[in-house]
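Engineer: Take a look at the following structure, please.
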Amino acid sequence: MHSELDSYDRRILALLQEDASLSSAQIAEQVGLSQSPCWRRIQRMKEEGIIRGQVTLLDRKKIGLNTQIFAEIKLNAHGRSNFTEFTEAIRGFPEVLECYVLMGAVDFLLRIVTADIEAYERFFFEKLSMVPGIQEVNSIVALSEIKSTTSLPVLR
């Protein structure tokens, strides 16, 4: 169980979401704490799993991943009984950045990135369509990105 987040914790989290390379001294200065209590708060939030990790975010287009596809997946009855097999297969595809279980007309929503449409076509035929239990895939190509963030709204 984790403790309740106070305004200092929330400000610390907001700063870390914007720039995880900030030192605890820099964060402490911006939130109005001394360095040691600020560091302890950060450590506590890591131990509690509130802070899951620190990563470097890349610009996908600058590294040649120009195409983003959302794929709606519907499983057949056999596929639904092998949910674990399906999810493990999806976890093994580096092209799939996100996978969500849905309620409604489709079972899963995937966010996939590839270099181009031809690369997605290869991924689709050589990997995705080979996963057992898939009944239907509806692929939606994103034309442009209006908003993309990894920051959660922690400040109230």
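The values are calculated or read from the model by the stated rules, or taken from the named source; none is laboratory data. Since the model is a prediction, treat every value here as computed from it, not as a measurement. Here the Cβ is made from the backbone with ideal geometry for all residues, glycine too, and neighbour counts use every protein chain on show. Side chains included, ligands, DNA and RNA excluded: accessible areas come from the protein's heavy atoms. Shrake-Rupley method; radii C 1.70, N 1.55, O 1.52, S 1.80 Å.
Engineer: Taking springs between alpha-carbon atoms closer than 10 angstrom, which of K61, K127, K46 fluctuates most in the Gaussian network model of the chain?
Structural biologist: Comparing K61, K127, K46 in a Gaussian network model of the chain, the most mobile one is K46.
Engineer: So what is the relative contact order of the chain, in percent, for Cα pairs below 8 Å that sit 6 or more residues apart?
Structural biologist: Result for the chain is 30 percent.
Engineer: Segment 10-63: which GluC sites (Glu not before Pro) are DSSP loop and have at most 15 other beta-carbon atoms within 10 angstrom?
Structural biologist: Values: sites: E18, E29, E47, E48; in loops: E48.
Of the GluC sites (Glu not before Pro), the ones in loops of segment 10-63 whose Cβ has at most 15 other Cβ atoms within 10 Å are E48.
Engineer: Based on C-alpha coordinates, I'd like the Rg and Dmax of segment 7-48, in Å.
Structural biologist: Reported Rg and Dmax, both Å: 8.9, 24.
Engineer: For segment 77-156, state the semi-axes of the equivalent ellipsoid (square roots of 5 times the eigenvalues of the alpha-carbon gyration tensor), sorted largest first and rounded to whole angstrom. Display every interim value, and only then the final one.
Structural biologist: Numbers: eigenvalues 115, 70, 28 Å².
Sorted largest first and rounded, they come to 24, 19, 12 Å.
Engineer: Between I117 and S34, take the C-beta separation as r, use R0 = 41 Å, and let me know the FRET efficiency to the nearest 0.05. Before the final figure, lay out each step's value.
Structural biologist: Numbers: r = 54 Å, r/R0 = 1.32.
The pair I117/S34 has a calculated efficiency of 0.15.
Engineer: Additional query: Pairs of lysines 8 or more apart, or on different chains, with alpha carbons under 26 Å: count those in the chain, would you?
Structural biologist: Counting lysine pairs in the chain gives 5.
Engineer: Using only the alpha-carbon atoms of segment 105-144, report the extent along each of the three principal axes, biggest first, to the nearest angstrom.
Structural biologist: Each principal axis gives a Cα extent; for segment 105-144 these are 28, 23, 11 Å.
Engineer: In Å², what does the accessible area per residue of the chain work out to with a 1.4 Å probe? Could the numbers behind the result be given before it?
Structural biologist: On the way: 10580 Å² over 156 residues.
Result: 68 Å² per residue.
Engineer: If you don't mind, another one. Pairs of Cα atoms under 8 Å, at least six residues apart: use those to get the relative contact order of segment 74-115, whole percent. Before the final figure, lay out each step's value.
Structural biologist: Values: 36 pairs, mean separation 15.1, N = 42.
Averaging sequence separation for qualifying contacts and normalising by length gives 36 percent for segment 74-115.
Engineer: At a 1.4 Å probe radius, carbon and sulfur cover how many percent of the accessible area of the chain?
Structural biologist: On the way: 5660 of 10580 Å².
Here carbon and sulfur together make up 54 percent of the probe-accessible area.
Engineer: Give the long-range amide H neighbours of Q135: residues separated by 5 or more places, or on another chain, with amide H under 5 Å away, using H modelled in the peptide plane at 1.01 Å from N.
Structural biologist: K74, L75, N76
Engineer: What's the center-to-center distance, using Cα atoms, between segment 1-34 and segment 108-129 in Å?
Structural biologist: One Cα centre to the other: 38 Å.
Engineer: Please give the calculated 222 nm ellipticity per residue for the chain, where each DSSP H segment of at least 4 residues contributes -39500 (n - 2.57) and the sum is spread over every residue; nearest 500 deg cm²/dmol? Write down the numbers at each step before the final one.
Structural biologist: Working: 6 runs with 57 residues, N = 156.
Taking each H run of at least 4 residues, the total per residue is -10500 deg cm²/dmol.
Engineer: Which of the listed residues, Q30, F124, T84, is farthest toward the dipole's positive end in the chain, when Lys, Arg count +1 and Asp, Glu count -1 at the beta-carbon?
Structural biologist: The residue sitting most towards the positive pole is Q30.
Engineer: Sticking with this structure for a sec: May I ask you to evaluate 6.51 cos²θ - 1.76 cosθ + 1.60, the Karplus curve with θ = phi - 60°, for each residue of segment 38-47 and list the ³J(HN,Hα) values in order in whole Hz, giving x for glycine and proline?
Structural biologist: 5, 4, 4, 4, 4, 4, 4, 5, 5, 4
Engineer: Follow-up question, since we're still on this one. Convert 10 °C to kelvin, take the viscosity as 1.306 mPa s, use the Kirkwood radius over C-alpha pairs of the chain as Rh, and evaluate the Stokes-Einstein diffusion coefficient in µm²/s, rounded to a whole number.
Structural biologist: On the way: Rh = 18.5 Å.
Answer, rounded: 86 µm²/s.
Engineer: As an exercise, find the ratio Rg/Rh for segment 49-104 from alpha-carbon atoms, using the Kirkwood inverse-distance average for Rh. Provide the component values of the computation, followed by the final result.
Structural biologist: Details: Rg = 15.0 Å, Rh = 14.2 Å.
Rounded to two decimals, Rg/Rh equals 1.05.
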